[in-house]
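Visitor: The structure follows.
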Amino acid sequence: MATTDSHKKVLRAAGTLFVVSALAFAAAATTLSVTFDWPDILREPASVVLPAFDAGGAGLVWTWFATAWTYGLLAIPILLLPAALGFRDRPAMQVATYAGAASVVLSLIGFLRWVFVVPPLATSYVTGDSTTKAAVDAAWTAQHQFGGALLGEHLGQLLVIGWSVAVSVLILRTRALPRWLGAVGIVVSFLYLLNQGDILATAVPGFPVWDLAGLLGSTGWGLWVAALGVCVLLRSARRTSRG
């Protein structure tokens, strides 16, 4: 009985946190998009990004902080999901869980740059002379490509896509959750993967880019995460109704 109650609590916690993290991140990211033209501004030069960031003031910094940690919340349900679905003994799920948790950490680094690294760069850029601006421009490019494009976008996205594909395949094979959820997870993961073209183009000029991949992929993937949470909650409710 105690084990059953504990399992129900894990199911409810995982489902709730998937939904909460997806919705909270969507709200923070929408605010960031409206106030800072994110994510399009990420591909602009320092001469555009840094003055715009400085003009945003403390409010923009706190928006980035909220965006970072609402996404960071996703690590908890990712870690809870194997126990919630009874997949803890499956090696593929174990590897996928580690990859998913690692992806959140990498994305956090990418997001939190805007809280701890970018503000002093922006201040130095807008107040400095031409020599200072040139130096800050170089520093901006280095940290943006390393912390943003490499860690947050390339590795962070690839690992979380791997996690969602693994979860989707297990759903299709075991029917632990509705099969449509697994099928949709694979489709949105593929769309999200296509966004890598835009990221690789920052290092390989001329690399093919599909402009809608980022919007469709990230939006679809976020909705899938919320749907995953709802399906886990429904599974918990069915178990509760059975006593």
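Visitor: Which listed residue (Pro51, Pro91, Val209) has the Cα farthest towards the positive end of the charge dipole for the chain, taking +1 on Lys and Arg C-beta and -1 on Asp and Glu C-beta about the Cα centre?
Guide: Of Pro51, Pro91, Val209, it is Pro91.
Visitor: Here is a follow-up. Dividing the alpha-carbon Rg of segment 98-205 by 2.2 N^0.38 Å yields what? Don't skip to the answer; put the middle values down first.
Guide: Working: Rg = 18.5 Å, N = 108, 2.2 N^0.38 = 13.0 Å.
For segment 98-205, the normalised Cα radius of gyration comes out at 1.42.
Visitor: Heavy atoms only, 1.4 Å probe, whole protein assembly: order Glu44, Glu153 by accessible area, highest first. Can you show the working numbers first?
Guide: Details: Glu44 80, Glu153 25 Å².
My answer, sorted largest first, is Glu44, Glu153.
Visitor: Oh, and also: May I ask for the angle, rounded to the nearest 10°, between helix 118-127 and the longest principal axis of the chain, with both axes built from Cα atoms and the value confined to 0 to 90°?
Guide: 20
Visitor: In square angstrom, what is the accessible area per residue of segment 1-132 with a 1.4 angstrom probe? Don't skip to the answer; put the middle values down first.
Guide: Details: 6280 Å² over 132 residues.
So segment 1-132 comes to 48 Å² accessible per residue, rounded to a whole number.
Visitor: Roughly how big is the chain's charge dipole about its Cα centre, with Cβ charges of +1 (Lys, Arg) and -1 (Asp, Glu), in debye to the nearest 20?
Guide: Values: 15 positive and 11 negative charges, 346 e Å.
So the magnitude is around 1660 debye.
Visitor: Let me ask you something else. Which of Ala102, Ala66, Ala134 moves most in a GNM of the chain, Cα contacts under 10 Å?
Guide: In the Gaussian network model the winner is Ala134.
Visitor: Please determine, in degrees from 0 to 90 and to the nearest 10, the orientation of helix 91-116 with respect to the longest principal axis defined by the Cα atoms of the chain, where the helix direction is its Cα long axis.
Guide: 30
Visitor: What's the longest bit of the chain with no exposed trypsin sites (Lys or Arg not before Pro), using DSSP loop states and at most 11 other Cβ atoms within 10 Å as the test? Kindly include the intermediate steps, with their values, before the conclusion.
Guide: Numbers: sites that count: Arg175, Arg242.
Longest stretch, sites excluded: 1-174.
Visitor: What is the distance in Å between the Cα centres of segment 71-148 and segment 1-36?
Guide: 19
Visitor: What residue among Leu42, Leu233, Leu155 shows peak mean-square fluctuation when the chain is described by a Gaussian network model with Cα springs under 10 Å?
Guide: Leu42
Visitor: How much length is gained on full extension from Asp211 to Thr30, taking 0.36 nm per residue of separation minus their Cα-Cα distance? Kindly include the intermediate steps, with their values, before the conclusion.
Guide: Numbers: separation 181, 0.36 × 181 = 65.16 nm, distance 1.84 nm.
Residue separation times 0.36 nm, minus the Cα-Cα distance, leaves 63.3 nm.
Visitor: Moving to a separate point now. Relative to the longest principal axis of the C-alpha atoms of the chain, give the angle of the C-alpha long axis of helix 156-174, reported between 0 and 90° and rounded to the nearest 10°.
Guide: With both axes taken from Cα atoms, the answer is about 20 degrees.
Visitor: Moving on. Sorted by accessible area (1.4 Å probe), largest first, how do Trp62, Trp140 line up? Can you show the working numbers first?
Guide: Numbers: Trp62 165, Trp140 5 Å².
Descending order: Trp62, Trp140.
Visitor: Something else: Restricting to DSSP H runs of at least four residues, report the calculated mean residue ellipticity at 222 nm for the chain, -39500 (n - 2.57) per run over all residues, nearest 500 deg cm²/dmol.
Guide: On the way: 10 runs with 191 residues, N = 243.
Mean residue ellipticity, 222 nm, calculated: -27000 deg cm²/dmol.
Visitor: A further question follows. Starting from the Cα-Cα distance between Tyr98 and Asp40, subtract it from 0.36 nm times their residue separation and give me the gain in nm to one decimal. Please report the intermediate quantities before stating the final value.
Guide: Details: separation 58, 0.36 × 58 = 20.88 nm, distance 3.01 nm.
Fully extending the segment from Tyr98 to Asp40 adds 17.9 nm.
The values are calculated or read from the model by the stated rules, or taken from the named source; none is laboratory data. The structure displayed is predicted, hence computed values, not measured ones. Positions of Cβ are generated from backbone atoms using ideal geometry, with glycine treated the same way; all protein chains shown enter the neighbour counts. The protein model used for the area step is the full one, side chains on, heavy atoms only, and it has no ligands, DNA or RNA in it. Shrake-Rupley method; radii C 1.70, N 1.55, O 1.52, S 1.80 Å.
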